Amino acid sequence: MSLPIKKNYLRRNRFNIITMVVLILLLIIGFYYNCINIHYDLENNDHFNILTINSILAGFLFTGLGILSSALDKPRIERLDKNGYLDDYFNGIYIGIMMHVLSMMASIFIIMSILGQYKNVFLYIEQIGLIIGTIFFVKSILRLFSIIKRMRNS
């Protein structure tokens, strides 16, 4: 019985999985070929700004999660959830939140200057988390608009 659930889970979340893999590959290629630059000379203020941006976007994603959760009392939306069609919506928000939190943690470690030789790795993590988190933020907002439209139509 676990195989069909896993198969359905992967099928319903294929867009999130494909998006995540493609973004990571594009970012790695971009960093490798210097299409995307890591700025090693950023000051602590810049990392505070990145930390602030991540915090705000993660907060908006949490608000979107609350909106989506409150929509579950509508019969039409509840049917979609019971049949697993909202998995993509929820998991897109979860991925965005995780990426922003990962970027926030990297920013905090960079600001604290306790990284030594691993600072470059945390610079990559900070920027990759910010980019992927922002893309999933936009995706989640667009998906929330469609849910709100369905709520208003029902």
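Between Y124, T63, S103, the Cα set farthest toward the positive side of the dipole of the chain (charges on each charged residue's Cβ, about the Cα centre) is that of T63.
Put a plus charge on the Cβ of each Lys and Arg, a minus charge on the Cβ of each Asp and Glu, and nothing anywhere else: the dipole of the stretch 10-153 about its Cα centre is then about 940 debye.
Would you please state which residues of the stretch 121-154 a label at K82 would reach in this model, taking the label point 7 Å out along Cα→Cβ and a backbone N cut-off of under 18 Å? Under 18 Å, as judged by backbone N against the label point of K82, lie 151, 154 of the stretch 121-154. Each Cα pair under 8 Å and six or more residues apart adds its separation to the average, and for the chain the resulting relative contact order is 30 percent.
I'd like the orientation of helix 44-70 relative to the chain: the angle between its Cα long axis and the longest Cα principal axis, in ° from 0 to 90, rounded to 10. With both axes taken from Cα atoms, the answer is about 10 degrees.
Got a number for carbon plus sulfur as a percent of the chain's accessible area, 1.4 Å probe? Accessible surface attributable to carbon and sulfur in the chain totals 66 percent. A protection proxy built from the mean count of other Cβ atoms within 10 Å ranks the segments 121-132, 44-55, 98-109, most packed first, as 98-109, 121-132, 44-55. Taking a straight line from the alpha carbon of K119, these aspartates and glutamates sit under 16 Å away, with near neighbours fewer than eight places off in the same chain left out: D41, E43, D46.
Based on protein heavy atoms only, the stretch 10-153 ends up with 60 Å² per residue of surface accessible to a 1.4 Å probe. In the chain, helical runs assigned H by DSSP with n ≥ 4 each contribute -39500 (n - 2.57); averaged across all residues and rounded to the nearest 500, the mean residue ellipticity at 222 nm is -28500 deg cm²/dmol.
The values are calculated or read from the model by the stated rules, or taken from the named source; none is laboratory data. All figures in this text were calculated on a predicted structure; none of them were measured in a lab. Here Cβ is always computed from backbone atoms with ideal geometry, including for glycine, and neighbour counts include all displayed protein chains. Remember, those area values only see protein heavy atoms, side chains included, never the ligands or the DNA or RNA. Shrake-Rupley method; radii C 1.70, N 1.55, O 1.52, S 1.80 Å.
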